[in-house]
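Note sheet for the following structure.
The values are calculated or read from the model by the stated rules, or taken from the named source; none is laboratory data. Everything numeric in this text was worked out from a predicted model, so none of it was measured. We place every Cβ from the backbone using ideal geometry, glycine too, and count neighbours over all the protein chains shown. Heavy atoms of the whole protein, side chains included, go into the accessibility calculation; ligands, DNA and RNA do not. Shrake-Rupley method; radii C 1.70, N 1.55, O 1.52, S 1.80 Å.
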Amino acid sequence: MSRFYLTTAIDYVNSRPHLGTAYEKIAADVIARYKRLAGADVHFVMGNDEHSQNVFRKAREVGEDPLAYCDRMAAEFLEVWKRLDISFDDFIRTTEPRHKAGVQALVRRMTAAGDIFEGHYEGWYCVSCEAFKQEKDLVEGLCPIHRTKPDWIREKNYFFRLSKYQDALRAHFSAHPEFLVPDIRRNEILRLIESGLDDISVSRAGQAWGIPMPEDPQSVIYVWVDALINYLSAVGYGTDEVLRERWWPADLHVIGKDITRFHAVIWPAMLMSAGLPLPKQIFGHGWVHFKGEKMSKSLGTAIEPLDAVQRFGPDPLRLYLIKEIAFGGDGDFTWDRFEDRYNVDLANNLGNLVNRIAAMAHKYRGGRLAPTTEAPGRLADVAGRAVDEYRRDMDAFALERAAAAAFRIVDAANEYIASTEPWALARDGSKADHLGQVLFDVAEAVRVAAILLLPIMPGSAGEILRRVGETRKVAALRLPDATWRHDGERVMAKADALWPRVEAQAAPTSNDTDTRDGRRQSVDETSKTPPASAAVPPASTPAASPSAPAAERITIDDFMKVDLRVVKVLAAEKVPNSRKLIKLSIDAGTEQRTLVAGIAESYEPEALVGRTVVMVFNLKPAKLMGIESDGMVLAASPDGGKPTLVGFEQDVPPGTRVR
Ligand code: MSP
């Protein structure tokens with residue numbers, strides 16, 4: 001079995017992760033999951049970079065001990081990565097003893113090679129970059145990345161003879177054109193090497209926060225030297241030779257373009273100095289922009305990843321970032337576009353397909369699909385080609401193209417339904433076999449597409465596989481399982497709509513009560529087109545429209561699952577920092593509850609007190625702007641209008657069921 005050791009950059013913890021840093025982790029996770037799907041033994045490592053001066057300062061600013069602060073931040077980072085479904089195998093923190101051992105071991109080897117010498121540094125230092133800057137790097141005296149004035153420092157430093165490795169680096173780049181990708185980064189770094197490399201400072205004086213130089217505890221190791229070594233210390237360098245032997249050299253470092261120089265010049269030179277093999281490849285991805293700027297906490301353009309997760313769950317976000325941004329280039333995140341793509345790719349396309357095939361399988365075949373004596377239709381060819389293209393694109397880290405390949409199968413399956421018209425075939429008894437084959441083919445196309453989507457949308461693709469009767473465990477599936485099959489019976493699961501369409505000010509319908517993960521109750525306060533009411537879910541899938549085919553309507557049993565009750569508003573207040581949300585305390589007859597409703601544009605809180613309204617009583621609670629909403633009130637949201645609460649002509653006691 002081939003092995004694949006994959007890393008991401010380790011994050012500074014002076015602030016929480018934002019969507020830009022999360023993008024890197026999601027992209028690397030897609031690669032890790034793809035490699036596992038392709039059968040590799042994967043070791044995926046992420047971590048936190050804790051010895052930065054910024055981290056130290058931030059801890060002081062909030063009055064915490066630096067290590068205690070880092071512990072707290074590590075928990076926050078891990079929570080975000082968990083919510084984004086990032087499947088790392090190990091998470092390293094640079095304050096861990098195993099890391100300290102690795103760093104000191106490597107610096108000792110560089111010293112033994114005669115590559116570390118004492119000197120004085122005088123010049124600019126940008127703490128946000130944690131980088132020594134030359135005058136020519138500054139724009140109007142400011143760091144061009146952080147737009148802040150760097151510090152002028154003069155101190156005793158240890159230096160690394162980077163200049164000594166200039167020729168060896170050049171030779172490595174020419175012998176291994178794949179070492180740094182995409183080409184734009186490689187060309188930039190080649191130019192830098194050609195322009196001549198200076199020796200660099202590898203220690204800082206007068207600081208207590210960091211790992212001491214092995215021979216001079218008065219100096220701490222420069223945070224970038226410290227951080228880069230995480231890729232080695234995480235696999236046992238300095239502590240566990242067997243582990244190190246097993247995983248080093250890394251197969252791929254995934255990093256952002258702003259830190260390419262550290263990874264593609266300084267890091268390989270350090271490894272050469274220590275006599276260790278170089279990583280096989282470095283991928284320098286682009287930046288996620290927000291409002292035309294690099295997303296960044298210090299620039300005030302950061303989006304909290306959990307806000308985006310709360311909108312629709314983790315997978316729509318993962319899909320958006322992977323499919324909409326060419327991996328290697330820059331891309332934009334906007335709430336509007338995120339919502340548009342959700343509607344197009346998931347509600348209208350993939351979700352609709354999954355709902356339709358399940359509904360038709362149940363209507364026409366009692367939920368069981370099997371191949372007939374007919375040969376598979378044209379979908380088999382489309383899927384076969386898409387799998388080949390997907391594999392080629394994933395292997396080249398063209399993640400966006402791989403995602404598009406999977407969606408080509410989805411598009412083709414939707415078109416196939418439209419052109420074969422299963423509902424017409426069902427009316428003609430002589431076409432029964434053909435109908436069976438059409439339905440089987442569509443289900444098989446969905447199965448193949450879902451396997452390809454596993455790395456990108458792990459949770460949802462797993463759920464889709466379950467719905468189309470894939471009985472094997474998701475973790476056991478491999479790429480060859482995406483080969484078209486013309487055998488076996490598929491038992492199709494009946495389930496709720498996967499991704500209901502969202503539309504501003506859409507009327508609620510019975511199909512809108514699915515809140516397995518609470519995502520449809522979430523409100524995007526920054527979007528221009530949020531649902532009219534947090535309590536009023538967005539518009540349903542086409543399945544619930546009056547003209548929907550009978551197969552896609554719900555049964556009375558489905559409707560009865562929704563527990564609608566009359567409740568009385570006891571208290572109401574606006575949710576701070578929200579234009580739309582009102583917090584309600586309600587009396588439901590048997591108990592009191594707190595709800596959050598998106599009706600502030602239509603109602604003053606005082607006017608709501610004493611009013612009788614209808615709520616969905618058995619909805620899973622969801623957090624809105626930090627408040628747990630334990631149910632949802634019903635309102636009509638006419639197109640272009642404001643929400644109007646559902647009410648009664650006569651007094652009805654709280655607790656009464658509505659049917
Ligand atoms: N701690 C260093 C990395 C050390 S690796 C040995 C660092 N940390 S960071 O927190 O500033 O950035 C972590 C990663 O997120 C980097 O790869 C960086 O390029 C990436 N990104 C930061 N902002 C980003 C965007 N707006 N968009 C995409 N990636 C972004 O640098």
Residue within the range 77-94 that is among the small types (Gly, Ala, Ser) and either open to solvent by 30 Å² or more (accessible area, probe 1.4 Å) or more than 30 Å from Leu454 (Cβ to Cβ) (or both) present: no
With respect to Phe283, is the statement that it is within 8 Å of the ligand (Cβ to nearest atom) and not in a loop (DSSP other than H, G, I, E, B) true? no
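Every residue, every condition in (1) at negative phi; (2) in contact with a Pro (Cβ under 7 Å, 6 or more places away or on another chain), yes or no:
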position	(1), (2)
Ile229	yes, no
Gly236	no, no
Asp240	yes, no
Val254	yes, no
Ala274	yes, no
Leu278	yes, yes
Lys291	no, no
Leu299	yes, no
From the list Gly377, Gly313, Gly367, pick out the single residue that is more than 27 Å from Asp258 (Cβ to Cβ), open to solvent by less than 10 Å² (accessible area, probe 1.4 Å) and in the same structural domain as Asp411 (by TED's automatic domain parsing). Gly367
Looking at Gly47, Gly119, Gly123, Gly20 in this structure, which one is in a strand (DSSP E or B), among the small types (Gly, Ala, Ser) and within 16 Å of the ligand (Cβ to nearest atom)? Gly47
Close pairs (7 angstrom Cβ cut-off, 6 or more residues apart or separate chains): open to solvent by 20 Å² or more (accessible area, probe 1.4 Å) in the range 390-404, aliphatic (A, V, I, L, M) anywhere: Arg391/Leu479; Glu400/Ile322; Glu400/Ile325; Glu400/Ala326
Only unsatisfied item for Leu306, checking (1) surrounded by fewer than 21 Cβ atoms within 10 Å (Cβ to Cβ); (2) at pLDDT 95 or above; (3) not in a helix (DSSP H, G or I), is (3)
Please find, among Ser585, Ser578, Ser637, the residue that is without any contact (Cβ under 8 Å) to a residue 60 or more places away in the chain, among the hydroxyl-bearing types (Ser, Thr, Tyr) and under 23 Å from Arg311 (Cα atoms). Ser578
Has the range 123-137 got any residue that is closer than 20 Å to Leu228 by Cβ, small (Gly, Ala, Ser) and open to solvent by 10 Å² or more (accessible area, probe 1.4 Å)? yes
Among the helices (runs of 4 or more DSSP H) contained in the range 324-440, which hold 2 or more residues that are within 23 Å of the chain's Cα centre (by Cα) and not aromatic (Phe, Trp, Tyr)? 335-341, 352-365, 379-395, 399-420
Select from the range 629-638 the residues that are open to solvent by 10 Å² or more (accessible area, probe 1.4 Å) and touching a Ser or Thr at 6+ places or on another chain (Cβ under 7 Å) and write down the one among them that is modelled with the lowest pLDDT. Ala636
Near the ligand (Cβ under 8 Å from one of its atoms), part of a strand (DSSP E or B) and crowded, with 21+ Cβ neighbours inside 10 Å - does that describe any residue in the range 262-269? no
Take the residues of the range 225-237 that are out of contact with any His (no Cβ under 8 Å at 6 or more places or on another chain) and closer than 16 Å to Ser273 by Cα: which is farthest from the ligand (Cβ to nearest atom)? Tyr237
